[in-house]
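We did not get these values from a lab; they are worked out from the coordinates using the rules stated. This structure is a prediction, so every number in the text was calculated from the model and none was measured. Neighbour counts are summed over all protein chains in view; Cβ atoms, including those assigned to glycine, are modelled from backbone coordinates with ideal geometry.
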Amino acid sequence: AKTFEVEKIRKDFPILNREVNGYPLVYFDNAATAQTPKQVMDAIVDYYSNYNANIHRGVHSLSQEATDKYEEARIKIQKHFNAEKAHEIIFTSGTTHGINLVANGFSSILKEGDEILVSAMEHHSNIVPWQMLCEKTGAKLKVIPMDLKGELIYAEFEKLISSKTKLVFLNHVSNALGTVNPVKSIIEKAHSVDAAVLLDGAQAAPHIKADVQELDVDFYVVSAHKMCGPTGVGVLYGKEEWLEKLPPYQGGGEMIATVSFEKTTYAGLPHKFEAGTPNICGGIAFGAAIDYMNEIGFSEIAAYEHELLEYATAKLKEIEGMKIYGEAAEKTAVISFNIEGLHPYDIGTLVDKMGIAVRTGHHCAQPVMDFFKIPGTVRASFSFYNTFHEIDLFIEAIKKAKMMLK
Ligand code: PMP
């Protein structure tokens, strides 16, 4: 097998050379935001240096160039997720925006008595918009439970789903636990009762190349910043038939066909959902990030990250008092843990003093923490530019922190 050239890859990420608190940076907060390679930074500099202009309306050359590059990025993203049509890719400001757009659209479709199913391991951004939707429509939110391994209980899902179910939404991969959910069978089952499925792909997209046609998923949402792209941009994939059915989310320029004070008609897809000047540079940089990751290869990335996960899990388990949450059979490179008697925040603060960035707290998934009856965890999440050596440094730092806190 081809060896994974991590040292070569690391050279693409200038930030990995910096020190934090006098130590070389070890960045293990990739599930929150991934770092940016210079190829993506180059795309940003190129945009502002050479063809910064508003899109879709100017006749002048810069505007045409910017429009072409932006639409090329849409097509790159379409191809990456294997959407059938480019106009099924809607640029958003990120996952949260994509979910709210769909939830808002369903407020004119759902009726009292309809039911929507959500998983027990969702990010707040995939809970709150649906609660707001239920308040508006009188629909009812039901929760697919999980077990102590952090896996959804499929038999319970089968009991919950019925002809009343109109929507099912869950994350493809859990940000708090790393669990990869059995989305294919959930989608099949949901479609058997004509329910639509929205997958929150925020955590899956950096590790798994989702094929929306193969999954037959109705909506798939992602954020660029989890995939080596910039913050403030993402996409919503929606099946054309659904996007045609849903009303626009925001009104404004770019999303109209004609406007008069008597009546406005909306533009076709994708513009109907893209009101106002978009994050043009962000969209183009997202395209560059997708190119960058595909150049390395998603199966290579997944295989390497899995080795990092196994190595780190085994090392962590040697530490006395270690409790890892979420040991699903299939998971991405996320480890959520606590050490008996210690507060996660204290561990996070101390390892930061040694240059190591991890996340502590509830990870915007309070129901998951409630399930395990804990206030929060320490979460280390790895990317393809991390190394086994960094994991060794992390393990040493954890041991030191433990001694200091005892
Ligand atoms: N869903 C999941 C599973 C996430 O991990 C995140 C980001 N932590 C989000 C949604 C929200 O993404 P964003 O903040 O980019 O909108």
>> Strictly over 22 Å apart at the Cα level, which of 8/38; 373/400; 353/399; 149/184 would you flag in this model?
In response: 373/400
>> Can you give me the C-alpha center-to-center distance between segment 233-281 and segment 316-385, rounded to a whole angstrom?
In response: 40
> Between the helical axis of 280-296 and the dominant principal axis of the chain, each derived from Cα atoms, what acute angle in degrees is found, rounded to the nearest 10?
Replying inline: 50
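For residue 216 and residue 112, calculate 0.36 nm times their separation in residues minus their Cα-Cα distance, and state this gained length in nm to one decimal.
34.7 nm
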>> For a Förster distance of 30 Å, can you work out the FRET efficiency between the beta-carbons of residue 370 and residue 320, rounded to the nearest 0.05?
In response: 0.70
> Are there trypsin sites (Lys or Arg not before Pro) in segment 67-105 that DSSP puts in a loop and that have at most 16 other Cβ atoms within 10 Å, and which ones?
Replying inline: 85
>> Let me check the size of segment 41-295 from its C-alpha atoms; what are the radius of gyration and Dmax in Å?
In response: 18.6, 59
> Taking the Cα atoms only, what angle lies between the long axis of helix 183-192 and the longest principal axis of the chain, rounded to 10 degrees?
Replying inline: 40
> Given a Förster distance of 30 angstrom, what is the FRET efficiency for residue 75 paired with residue 39, based on the Cβ-Cβ distance and rounded to 0.05?
Replying inline: 0.95
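For segment 256-307, what mean projected area does the convex hull of the alpha carbons give, in nm²?
5.4
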> If you keep only loop residues by DSSP, which trypsin sites (Lys or Arg not before Pro) in segment 343-403 have at most 16 other Cβ atoms within 10 Å of their Cβ?
Replying inline: 373
> Which trypsin sites (Lys or Arg not before Pro) from segment 258-318 combine a DSSP loop assignment with at most 16 other Cβ atoms within 10 Å?
Replying inline: 263
>> Just want the answer: with Cβ charges of +1 for Lys and Arg and -1 for Asp and Glu, which residue in 308, 356, 248 is farthest toward the dipole's positive end in the chain?
In response: 356
>> Taking every pair of distinct Cα atoms and averaging 1/r, then inverting, what Kirkwood hydrodynamic radius in Å comes out for segment 239-286?
In response: 11.7
> Amide H neighbours of residue 20 under 5 Å, counting only residues 5+ apart in sequence or on other chains, H built in-plane at 1.01 Å?
Replying inline: 25
> What fraction of the DSSP beta bridges in the chain is antiparallel, stated in percent and rounded to the nearest 5?
Replying inline: 60
> Which distance in nm do the two modelled labels at residue 7 and residue 399 give, with both placed 7 Å along the Cα-to-Cβ direction?
Replying inline: 2.5
>> Quick check for me: using +1 on Lys/Arg Cβ and -1 on Asp/Glu Cβ, what's the dipole size of the chain about its Cα centre, in debye to the nearest 20?
In response: 720
>> At a threshold of 8 angstrom on Cα-Cα distance, excluding pairs fewer than six apart, so keeping six or more, what relative contact order does segment 141-205 reach in percent?
In response: 34
